[in-house]
Every structure is written in C-alpha cells, then in structure tokens.
Amino acid sequence: MTKKFYVTTAIIYVNALPHVGHAYEMIATDAIARYKRLTGHDVFFLTGTDENSLNAERKARSLGLPTQHYVDEMAATIKKVWRKLNISFDDFVRTTDERHRLACQEFFTRTYDAGDVYPSTYEGWYCVSCEAFYRAEELMDGMCPVHKTKPEWLKEKNYFFALSKYQDRLLQHIEANPDFIQPEARRNEILSFIRGGLQDFSISRSSVRWGIPVPIDPSQVLYVWFDALINYLTGVGWPTDLTRFQHYWPADVHIVGKDITRFHCVYWPAMLMSAGLPLPREVFGHGFVYLRGERMSKSLGTGVDPGAIVDDFGADSLRYYLLREVPFGRDGDFTWEGFVQRHNADLANDLGNLLNRTVSMVNRYFGGVVPTPIGAPTGPDAELMALAADTFAELERSMNALAFSDALVAIWQFVGRANKYVEESAPWVLAKSDRDRLASVLYNLVESLRLIAHAIYAFVPETAERAVEQLGIELEIGTNWGQTRQWGGYRPGTRVIEKPVPLFPKKELPS
C-alpha cells in the first residue's frame with residue numbers, strides 16, 4: 001500500500017507580491033513533495049493565500065479597490081509566481097473560499113461547544129503587519145520585534161480561546177514527541193514560552209468587517225490567525241469530505257518561517273485538541289533569507305523579485321542556489337555574486353559540461369547509440385559505482401532530515417567524480433586504441449547522468465527532465481525507487497539526442 005505524505009507551507013498574505021524569502025519556503029517544500037513522489041509516496045502538497053487580514057483590507061482601500069477584487073487579483077498573481085518557480089502544489093487554498101468559511105465556522109463551533117471559547121475584553125498591543133497581539137515585555141523599545149514598527153493599542157470586546165487550559169497537555173505532547181518541533185532551537189524556544197505560562201488569546205475582532213463571521217455573533221469576524229491555521233484542514237476536505245480528510249490528515253510536516261512557530265506549535269495544537277482532531281506530526285521552523293544582512297520585507301519594500309530572476313536565469317538556478325547555500329533551519333544571505341557563481345560553476349560548468357561532453361562523445365564515437373559495457377569493471381569504474389550508491393544513501397538521510405544543502409553537496413561530489421572519470425579515462429585516446437574500454441567508459445558516464453538526473457529531480461526538476469531527454473529516456477517517478485536508484489538501469493542500445501543543448505548558458509552579474 002502506498003504511504004501518504006501531507007506537506008504544507010504557510011499561506012502568504014496578499015498585501016504585496018512575494019520576494020525571494022517567501023520563494024525559499026515554497027522551493028524547499030516543493031523539494032520535499034517532489035522527493036516523496038519520486039520515492040513512491042502518495043503526496044498532497046498544500047499552499048495558498050491568507051486573505052482575511054486587516055492588511056489586505058487596508059491595501060485595497062489605499063488602491064481604491066473593493067477588497068474582494070483586490071484579493072482575487074493578488075491570489076491569481078501569486079499563483080503565477082509559484083508556477084514560474086515550478087512549484088508542484090496539489091491544491092491552492094484561499095481563505096476567502098466558501099469551503100474555508102464552512103471549515104472555520106465548524107471549527108469555531110466545536111471549540112465553543114467544548115467550553116473553550118468565552119467573551120471578554122481585549123486590551124493591548126497589536127501589530128497590523130504581523131496580524132499579531134504582543135505583550136508589553138515582548139516589544140523591543142516599544143516596537144514590534146519583527147517589523148520594528150509601533151503597534152496599535154486595541155481595546156475591544158472579543159471572543160477568547162482558553163489556551164491556558166492546554167498548557168500541561170502541550171508540554172506533555174512536545175516532550176513525548178521530540179520530532180514534533182524542528183529544528184531543536186525552535187523546540188527549545190517553544191518549550192520556554194509554554195513554561196513561562198500561557199494566556200488565553202482573542203480569536204475575534206469587533207472593529208473589522210472583512211473576514212469570516214463568528215457563527216454565534218455575526219457582528220464579529222474571526223481573528224485572522226484563528227482563521228488562517230484552519231486552512232490545513234480545509235485543503236484536505238474537512239469537514240465535508242471526511243474520506244479524503246481521514247486519508248491525508250494529520251499533516252506529516254508544516255513548513256513555516258521561524259517567526260510564526262508560536263502560532264503553529266502552541267495555538268494550533270491547542271485548537272486541534274479542543275476540536276478533538278489529531279495533531280500534525282511535525283512543524284519545521286526554517287530560518288530567513290537576508291539581503292545584505294537585512295531581512296527581506298514586503299511591508300518595508302526590501303526584497304528580491306523571484307519572478308525577475310526566473311526570467312533571466314530560469315527557475316532551477318534560483319532553486320539550486322537557495323537550497324544549496326542556506327542550510328534549512330538556519331538563516332542565510334542572498335547575494336548576487338554568490339548566486340551567479342553557483343549558476344556558472346556548479347550548474348553550467350560541473351553538471352552542464354558533463355552532460356554535453358558525454359552526449360557529444362556518444363554521438364561522435366558510437367553514432368548516438370549508447371554501447372553495452374564490455375569486460376569487468378576497473379578500479380575507477382567500481383569507485384564511480386560505489387559513490388553512486390553512497391550518494392543515494394546520503395540523499396535519503398538528508399531528505400529525511402530536511403537537510404537539502406547536505407543532499408546537494410553529496411550529489412555534486414558525485415558530479416565532480418564523474419567529471420574526473422572523464423579526464424582519467426580519456427575517451428578521446430581510447431577511441432584510437434581500445435574500443436571495448438571506450439564502450440564501458442561511455443556507458444558508465446551515461447548511467448551516472450541517469451542517476452544524477454533522478455537525484456537532482458526534487459531540487460531542479462526542469463534540469464532533470466531536460467537531462468534525461470538528451471539521454472533518450474524519461475524520469476521514473478514513483479514507479480520502483482529501489483530499482484531506479486541501482487546502477488545499471490540504463491538500457492544499452494538507447495539513442496541519445498543528436499545535438500546536445502547546454503543546460504545552463506553562463507551569465508554575467510546583473511548590472
């Protein structure tokens with residue numbers, strides 16, 4: 001029976017277009033989803049847009065647009081950006097969808113019936129950009145710790161969720177499930193926060209009209225974070241399609257930025273406990289991608305447009321750079337110098353030239369037909385084969401730990417070894433002296449490229465597809481991973497493309 005795997009990103013606000021920092025989360029999650037599909041899992045990958053926010057309403061008003069018209073346009077544009085980056089989501093949930101309204105109102109009703117919702121008066125600091133409430137001691141010199149802006153003082157009658165009631169149950173769950181919050185630094189932060197004492201939080205707004213009405217009091221709308229978290233249930237059919245929901249839920253991993261782990265590791269599991277629903281298996285709080293040491297911010301207008309990068313370099317160059325350069329879970333820095341260097345050195349030189357040389361030599365020496373290897377493997381042959389096996393073992397270990405950078409380092413060691421194999425075998429010399437040995441060398445290079453294409457598929461899918469196309473074959477996704485990754489899967493006698501096409505033309509630094 002095929003094992004299911006349900007993975008999600010955080011849903012993105014529609015008050016501005018996404019920057020490279022948002023693209024990082026999407027690309028990483030896409031790599032997880034693609035790897036799981038490659039290895040035969042039944043994957044469901046959910047993303048979407050967070051539209052019931054005060055941010056969206058204010059932005060629409062500033063543009064003189066009806067809010068619904070504005071969020072419709074932004075959701076469509078954001079979806080196009082993700083398609084440009086080759087993000088293979090299975091569903092795109094919008095919090096203005098009717099299905100989401102139904103899910104939120106049913107969820108509220110369950111928590112209310114459980115005795116965990118009550119009316120009270122909220123008074124305190126609220127950051128509109130975060131859409132989050134802050135205690136005075138959490139502010140930095142009176143400013144929002146994330147956006148460095150002064151929060152608004154709010155006082156209004158709301159409905160509250162009894163978060164404090166779940167303090168002990170949350171601690172027990174986290175301590176009993178060490179992998180529930182990753183990486184360890186995030187886990188320690190959340191444990192410290194819970195042990196400091198949980199306070200009930202407001203889950204409705206009386207001063208806002210844009211949003212999902214509270215079922216028992218239509219004069220109020222649900223607080224955006226209470227509403228937004230429920231998208232993970234909406235996307236897999238809850239509460240109307242319980243067969244689908246029961247198949248995919250609980251989520252195997254929520255991928256979120258480290259700034260919103262509190263919502264996902266404290267509020268969300270407590271809400272699910274109240275509603276009587278299973279908790280997700282893991283929440284992974286990744287780090288930020290900075291630009292020249294500063295955090296990218298839509299609200300501050302500081303960021304790099306991923307769509308513009310794709311137009312110039314292609315999606316895979318950005319995907320490779322972010323996943324190779326920034327260890328997942330830690331912060332990293334986007335630099336144009338580093339990006340162009342990775343494009344030219346790793347992708348154009350190391351991988352692109354290996355494919356180009358190999359396909360060219362098969363055409364030159366064997367008329368485009370990949371020969372059958374002849375004779376027993378030599379020392380270099382055996383070394384190449386062993387490294388291929390080691391590479392896939394490291395790929396599996398790294399992907400299970402969401403260590404994308406480690407996986408790519410291992411793959412590129414294999415790419416480097418294949419390039420070295422070309423030089424030490426010298427096919428151009430063998431063509432004049434030993435045709436049998438030449439046949440084995442070229443077969444081994446083609447087979448190495450077949451394996452490399454499958455290994456890189458999760459990270460740079462378009463490149464993997466273009467590579468196997470030039471080898472005259474197709475990627476084997478989800479068919480028989482145990483066999484696909486074994487040496488010897490390429491069938492001799494297959495014809496490669498007649499004229500190889502460079503995978504990555506070299507680029508100069510943008511002016």
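Observations, loosely collected:
- Matching residues, the range 262-283, being more than 23 Å from ASN400 (Cα to Cα) and part of a loop (DSSP other than H, G, I, E, B): GLY276, LEU277
- Of all residues in the range 304-335 being in a loop (DSSP other than H, G, I, E, B) and more than 17 Å from the chain's Cα centre (by Cα), the one that is surrounded by the most Cβ atoms within 10 Å (Cβ to Cβ): GLY314
- Qualifying residue in the range 158-170 (condition: within 30 Å of SER219 (Cα to Cα) and touching a Lys or Arg at 6+ places or on another chain (Cβ under 7 Å)): yes
- Selection status of VAL468, among the β-branched types (Val, Ile, Thr), surrounded by 12 or more Cβ atoms within 10 Å (Cβ to Cβ) and within 20 Å of ASP316 (Cα to Cα): yes
- Each residue in the range 209-238 was checked for being more than 26 Å from PRO66 (Cα to Cα) and more than 26 Å from the chain's Cα centre (by Cα), and 1 of them qualify.
- Residue match in the range 192-207 (condition: in contact (Cβ under 8 Å) with a residue 24 or more places away in the chain and within 27 Å of the chain's Cα centre (by Cα)): yes
- Summed over the range 344-370, the residues that are more than 24 Å from TYR457 (Cα to Cα) and touching a Pro at 6+ places or on another chain (Cβ under 6 Å) give a count of 1.
- Hey, LEU102 in contact (Cβ under 8 Å) with a residue 60 or more places away in the chain, in a strand (DSSP E or B) and aliphatic (A, V, I, L, M) or not: no
- Search result, residues across the range 139-193 that are assigned to a strand (DSSP E or B) and modelled with pLDDT under 95: MET140, MET143, GLU152, TRP153, LEU154, LYS155, GLU156, LYS157, ASN158
- Among all positions in the range 56-76, there is no residue which is aliphatic (A, V, I, L, M), within 23 Å of GLY287 (Cα to Cα) and either in contact with a helix residue (DSSP H, G or I) (Cβ under 8 Å, 6 or more places away or on another chain) or surrounded by 19 or more Cβ atoms within 10 Å (Cβ to Cβ) (or both).
- Among the candidates ARG466, ARG491, residue that is at pLDDT 95 or above, charged (D, E, K, R) and in a loop (DSSP other than H, G, I, E, B): ARG491
- Condition met for SER207 (assigned to a loop (DSSP other than H, G, I, E, B) and hydroxyl-bearing (Ser, Thr, Tyr)): yes
- Taken together, ARG495, ARG466, ARG491, ARG437 contain a single residue that is farther than 21 Å from LYS36 by Cβ and touching a strand residue (DSSP E or B) at 6+ places or on another chain (Cβ under 6 Å), which is ARG495.
- The helices (runs of 4 or more DSSP H) found wholly in the range 360-444 and carrying at least 3 residues that are modelled with pLDDT of 95 or more and in contact with a Ser or Thr (Cβ under 8 Å, 6 or more places away or on another chain) occupy 379-400, 404-425.
- For the residues ALA389, ALA403, ALA382, the requirement of being touching a residue at least 40 places away in the same chain (Cβ under 8 Å) and either surrounded by fewer than 16 Cβ atoms within 10 Å (Cβ to Cβ) or in contact with a strand residue (DSSP E or B) (Cβ under 6 Å, 6 or more places away or on another chain) (or both) singles out ALA389.
- Evaluated against (1) within 30 Å of TRP487 (Cβ to Cβ); (2) surrounded by 14 or more Cβ atoms within 10 Å (Cβ to Cβ); (3) at pLDDT 95 or above, VAL340 falls short on exactly one condition, (1).
The values are calculated or read from the model by the stated rules, or taken from the named source; none is laboratory data. Every value quoted in this text rests on a predicted model; they were computed, and no experiment measured them. Cβ sites come from the backbone with ideal geometry, for glycine too, and all protein chains shown count toward neighbours.
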